[in-house]
């Protein structure tokens, strides 16, 4: 069995003293930190401050010109993308030109083959017609000699 220690009565002065002692012994948890001095980005070369402008006017003008400069750089970056697109288009154009030459060459070869086959067919038709006429002439001569001999 355990023996309980006698509970002491609540004493507010003792708690305040304990808190005061704890705070004095420890360094503060949060320490103020000074932010580093702000150094604005350098002004673009195409602008310079006038002498009769207030500090607020200078700061405002710097902020605006820096925003415009950032935007101008973004526009230039977009120009690089467009330049890449132009190069791809040029490559496509070169490739398409080569393909067009191949297409024209193939079409010309088909025309030449068609012309050759056309001439061969007409040549065969002429030869066949000539053979047919010779056969008819030969048949007619044979028929006329057979008719003369029979008469």
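Readers should treat all values here as calculations from the given coordinates under stated rules, not as data from a laboratory. Predicted, not measured: the structure shown is a model, and the values here were computed from it.
Any chance you could give the angle, 0 to 90 degrees and rounded to 10, that helix 55-150 forms with the longest Cα principal axis of the chain? With both axes taken from Cα atoms, the answer is about 20 degrees. Relative to the longest principal Cα axis of the chain, at what angle does helix 12-25 sit, 0 to 90 degrees, rounded to 10? Value to nearest ten degrees: 60.
Helix-only mean residue ellipticity at 222 nm, the chain, DSSP H runs n ≥ 4 weighted -39,500 (n - 2.57), per residue, nearest 500. What is it? Please list the in-between numbers first.
On the way: 2 runs with 110 residues, N = 151.
That comes out to -27500 deg cm²/dmol.
Look at (i) 2, 9, 18, 20, 20, 15, 10, 5, 1, 0; (ii) 2, 6, 5, 5, 4, 4, 4, 4, 4, 4, 4, 4, 4, 4, 4, 4, 4, 3, 3, 3, 3, 2, 2, 2, 2, 2, 2, 1, 1, 1, 1, 1, 1, 0, 0; (iii) 2, 10, 21, 23, 22, 14, 6, 2, 0, 0: the one that is P(r) over Cα pairs in 5 Å bins from 0, in percent derived from this structure is (ii).
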